[in-house]
Amino acid sequence: MNARALAGMLVAALGAWAVFSIYHTPAKAAVAVAWESSNQCAQCHPLPFDEWKSSWHAQSWTDVEVRKQNDDFGNSDCIDCHAPQPVFETGIGNRVLPRSTRRIEGVDCIACHQMLDGRMAGTVDNPSVACRPLAQRELVRPEFCAGCHNQHGTIDQWKASKYAQPGPDFQDCIACHMPYRDPADPTKGRNHTMHGGHDIELVRRAVTLEVRSIAGAPQVVVRNVGAGHNFPTDERSRASDIFWRPLDGSDTPQPWRKLYRFRNPYRFEVGQPNTELPAGQALELTIEDDAARGAIEVALFFKLTPYYEDPERPDPERESILVHRVSWKP
Amino acid sequence: MKRALIVTLACAGSCSESPAPVPQPVAQTQTTRRPVAREELAKVMAELGAPVPPAEIPDELRERAQGLLETLAGTDAAMRRLARTELRDLGPAVAPLLAARLADDAAAPAQLEACAEALGEFDTPEAAEALLARIEAMRTRKDTAPWVRTQCAWRLGSGTQDWVVPRLILHLRYETDHETVAWIARTLAHFGNFAGLDGLYVIWRTGRTPEMRDLAAQTLGLLASEHGFPDSDALLRAWIEGDPEQRLHAPPLSLLHRREIWARIAGFSEWQLRGVDDARFTLARESREATPLLALALEDENRYVRIHAAQTLERLGRRALAAGPALMRALDDAEIAPQAAETLGAVGYREAESALSARLGPDQPIDLRTSAARALGKLALSSSLVALEPWTKDDVQLDLRVAASCARVRCSPADVPRPLLESLLRHMTSGQVDSAEPENALALWLAAQAQRDQERFGDAARRWTEVAGDDPPLRVGERAELLRGLFAPQR
């Protein structure tokens, strides 16, 4: 090819580019908006906003139980995770830092989606709308949740489980906690209620309760079959208790008897071990009590706060939530 | 040809619509920073020199000490007394042996007591470490002999090892034995630290038995008289308010104490919040002598170190007044400016008023503006009213508006315009902002009114205080109702 032909081709290419530039109208870039409240998101994203609004993330600042535990945030150590600065600002995988405005919105849209340049991380690129979203894979990485949720080791527990290994069992945080609204149509997006321990159906799917006979005695087996982390996890206030009672056929059931507690205790609870049940593991306990020689009932309860009003006479049916109940006869 | 090409390209370039400029990331301070905390810690360590491994105890000395310990386990009281004195006279060389016995749960009470006494007398870092370790052991295993902790706390207070202060402060978070709490408070006071007063007040008010409450009251009275105050309230006030009259005994920090503080500041950069929480808790209860170290840490290269140092200074309150100039510089550090602003208010650095007022303007980030308003409220200077007023209007961003309105109340609670009060009352119950901020401001306003006009506001102020309880929505609702009654037109 001679120089003249080469120059001709170059000129033609530049000409085509010039024509394209003249006639192509790029999407008009939206004017940057100052994001001062997650309420601003509701206008264009009512569904995820309403889902989030009903979530515990949205109540992380206002929840009465939380406020009781931290003395109305008089313990300001709690602010870091309960009203965090945007994760993209502090850096994915880094520990979060507290913010000084819109704390009442808790862990809000801005905390997860706002990027350093004021754009919003999402699943599509679109510079022409107000929040100028940019598709960001980081949003779905477990490290994104780690700044808060690994403070008690939840992400590390997941990493040690089969769910973190590449392959058919792989499931990340959002697979369970932000499932697709319509599993048949992922384009409808993910559910932003981010359900967890407050959703008893999710808790029920996480564990199984079985009672089997071992040499004539009842053996209770609890398996962590569905949680990708310990059961329970994250919050020290969470606990799950196994209770049992003889079934003597009378109309008035006997009081529940405590068998075991799954919980990671607070630091000041000296001498109490961490008894959480890791992902995929099972706990087997044989009830040796003479009262368990006949028919018995065994139940697994879940508690959002760890203590019973009267530790000597706990009333799990009133003070906690039933997860599973099983009857057994020798 | 070339010219035509250039013209065409220029034309194409000018005709394409250029996209709107992308906002720049939040400005970051570009000054060269250094790892202040790590460097200062290294300096202190260098000054302390390499740690010397404990010397071997000569066999003869070991045998004598062991013999004395056995005598202490015997039944002869007179012999035990003699053995105790002799053990003490053996000197610090036997400290490792006594430390091991002090940690032994199976040791006889007289042995434990004598070990604690002798280690206290030795007054060396190793001996103090043994006493501290015995106190702290309750956090990892059940301690069935809390009296030993009491002994250890007492003995630590007779020496010069002030570096035990941070660890004793942290231990107060967990200690369950009221006598040990009392002795830790006394030991802390011996080193010019009055962080133990809080625990004594709690026991005095809520102790389970009269004996516990009496002991707390006696200790409070004793500490007050020992330090030249008419009562413990006056002592506590002096401690909280940063001792403006310089009446508190505040000895300079030893090198070992500085090492403890720098180690905690360096630990601010840790990922796990547990250690960070402990460090913030401990350092925020240090004496004002810790302030210059924390102020220096505001220059650290690590933003976590900087921001947690600023938070700790805020919690030190008036004891951190000397950090004012460093905090003023931190107002230009985009990563920690809002925290620096709030801290300037909390430490009461009045010289910051104009700098904080300048940060209220619309050219500043909203979180800094809001924090600056809150800080002006904490400074409570009537001269700030003019700066705050424009940001109390309805068209101002909500957080800033509420912060400025509350600050306005704090700066001059006696003469707040009625529309502003009504607006704060609405915000207190709107669910749009945290109710605590307007609730506290309105409490201040009501108290000021009651002071001015007891007849009209006294009853309401009393009822406001009575409506307590740990259910915030219920409390806020009842208090709002009370104020609505006050604001209603008089018939």
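Any chance segment B:223-234 includes a residue that's in a helix (DSSP H, G or I) and not assigned by TED's automatic domain parsing to the domain that holds B:Gly192?
No, every residue in segment B:223-234 fails to be in a helix (DSSP H, G or I) and not assigned by TED's automatic domain parsing to the domain that holds B:Gly192.
Rundown of residues vs (1) touching a strand residue (DSSP E or B) at 6+ places or on another chain (Cβ under 9 Å); (2) free of Cβ contacts under 8 Å to residues at least 60 places away in the same chain; (3) in the same structural domain as A:His152 (by TED's automatic domain parsing); (4) polar (S, T, N, Q), yes/no style:
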residue: A:Pro46; (1), (2), (3), (4): no, yes, yes, no
residue: A:Asn75; (1), (2), (3), (4): no, yes, yes, yes
residue: A:Pro86; (1), (2), (3), (4): yes, yes, yes, no
residue: A:Glu89; (1), (2), (3), (4): yes, yes, yes, no
residue: A:Arg103; (1), (2), (3), (4): no, yes, yes, no
residue: A:Met115; (1), (2), (3), (4): yes, yes, yes, no
residue: A:Gly122; (1), (2), (3), (4): yes, yes, yes, no
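For segment A:139-148, indicate whether the set of residues that are more than 20 Å from the chain's Cα centre (by Cα) and either in the same structural domain as A:Arg181 (by TED's automatic domain parsing) or of a type outside the set (Ser, Thr, Tyr) (or both) is non-empty.
no
Which members of segment B:366-391 meet the condition of being of a type in the set (S, T, N, Q), surrounded by fewer than 24 Cβ atoms within 10 Å (Cβ to Cβ) and touching a helix residue (DSSP H, G or I) at 6+ places or on another chain (Cβ under 6 Å)?
Passing the criteria: only B:Ser382.
For segment B:336-394, give me each residue that is within 14 Å of chain A (Cβ to nearest Cβ) and free of Cβ contacts under 8 Å to residues at least 12 places away in the same chain.
Across segment B:336-394, the qualifying residues are B:Pro362, B:Asp363, B:Gln364.
Can you pull out the residues in segment A:94-110 that are open to solvent by 10 Å² or more (accessible area, probe 1.4 Å), assigned to a loop (DSSP other than H, G, I, E, B) and more than 9 Å from chain B (Cβ to nearest Cβ)?
Within segment A:94-110, A:Val107 is the sole residue that qualifies.
Go through segment B:226-285 and count every residue that is among the polar types (S, T, N, Q) and within 18 Å of the chain's Cα centre (by Cα).
Count: 2.
Looking at segment B:291-303 only, could you name the residues that are open to solvent by 20 Å² or more (accessible area, probe 1.4 Å) and either over 19 Å from the mean Cα position of the chain (by Cα) or over 16 Å from B:Gly242 (Cβ atoms) (or both)?
B:Leu296, B:Glu299, B:Glu301, B:Asn302, B:Arg303
Looking only at residues in segment B:46-80 that are open to solvent by 90 Å² or more (accessible area, probe 1.4 Å) and touching a residue at least 40 places away in the same chain (Cβ under 8 Å), which one is farthest from B:Trp163 (Cα to Cα)?
This residue is B:Pro54.
Run down A:Gln171, A:Gln165 and say which single residue is farther than 25 Å from A:Gln59 by Cβ, among the polar types (S, T, N, Q) and exposed (fewer than 13 other Cβ atoms within 10 Å of the Cβ).
Every option except A:Gln165 fails the conditions.
Would you call B:Ala116 in the same structural domain as B:Ala153 (by TED's automatic domain parsing), buried (at least 23 other Cβ atoms within 10 Å of the Cβ) and either farther than 21 Å from B:Asp59 by Cβ or of a type in the set (Asp, Glu) (or both)?
In short, yes.
If you go through segment A:111-123 one residue at a time, do you hit one that is of a type in the set (Val, Ile, Thr) and open to solvent by 40 Å² or more (accessible area, probe 1.4 Å)?
Yes, segment A:111-123 has at least one match.
Looking only at segment B:425-479, count how many residues are in contact with a Leu (Cβ under 7 Å, 6 or more places away or on another chain), open to solvent by less than 50 Å² (accessible area, probe 1.4 Å) and within 14 Å of chain A (Cβ to nearest Cβ).
Here the count works out to 3.
Mind listing whichever residues of segment B:279-290 are in contact (Cβ under 8 Å) with a residue 40 or more places away in the chain, surrounded by fewer than 24 Cβ atoms within 10 Å (Cβ to Cβ) and in contact with a helix residue (DSSP H, G or I) (Cβ under 6 Å, 6 or more places away or on another chain)?
The one that is in contact (Cβ under 8 Å) with a residue 40 or more places away in the chain, surrounded by fewer than 24 Cβ atoms within 10 Å (Cβ to Cβ) and in contact with a helix residue (DSSP H, G or I) (Cβ under 6 Å, 6 or more places away or on another chain): B:Arg288.
Can you list residue pairs whose Cβ atoms sit under 8 Å apart, with the first residue in segment B:170-192 being in contact (Cβ under 8 Å) with a residue 60 or more places away in the chain and under 18 Å from B:Leu283 (Cβ atoms) and the second being open to solvent by 30 Å² or more (accessible area, probe 1.4 Å) and not in a helix (DSSP H, G or I)? Count only pairs 6 or more apart in sequence or on different chains.
B:Arg173/A:Phe268; B:Phe191/B:Pro251; B:Gly192/B:His249; B:Gly192/B:Ala250; B:Gly192/B:Pro251
Filter segment B:202-235 down to residues that are of a type in the set (Ser, Thr, Tyr) and open to solvent by 70 Å² or more (accessible area, probe 1.4 Å) and give me whichever is nearest to B:Ala153 (Cα to Cα).
This residue is B:Ser225.
Just name the residue that is modelled with the lowest pLDDT out of those in segment A:55-74 that are assigned to a loop (DSSP other than H, G, I, E, B), more than 9 Å from chain B (Cβ to nearest Cβ) and open to solvent by less than 40 Å² (accessible area, probe 1.4 Å).
A:Asn70
Can you find, within segment A:126-150, the residue that is farthest from A:Thr90 (Cα to Cα) among those that are open to solvent by less than 30 Å² (accessible area, probe 1.4 Å) and more than 13 Å from every other protein chain (Cβ to nearest Cβ)?
Per the stated criteria, the residue is A:Pro133.
Within segment A:270-298, work out how many residues are in a loop (DSSP other than H, G, I, E, B) and either without any contact (Cβ under 8 Å) to a residue 12 or more places away in the chain or within 30 Å of B:Ile135 (Cβ to Cβ) (or both).
Residues meeting the conditions: 7.
For B:Gly199, state whether it is within 25 Å of B:Val276 (Cα to Cα), at pLDDT 95 or above and open to solvent by 10 Å² or more (accessible area, probe 1.4 Å).
Judged against the criteria, B:Gly199 is a match.
So in segment A:1-22, with the set limited to residues that are at pLDDT below 75 and at the interface with chain B (Cβ under 9 Å from one of its Cβ atoms), which one is most open to solvent (accessible area, probe 1.4 Å)?
Checking each candidate, the answer is A:Phe20.
The values are calculated or read from the model by the stated rules, or taken from the named source; none is laboratory data. Please read all numbers here as calculations on a predicted model, not as lab measurements. Note that we place each Cβ from the backbone using ideal geometry, even for glycine, and neighbour counts take in every protein chain shown. When the accessible area is computed, the model is the full protein with side chains, heavy atoms only, and any ligands, DNA or RNA have been set aside. Shrake-Rupley method; radii C 1.70, N 1.55, O 1.52, S 1.80 Å.
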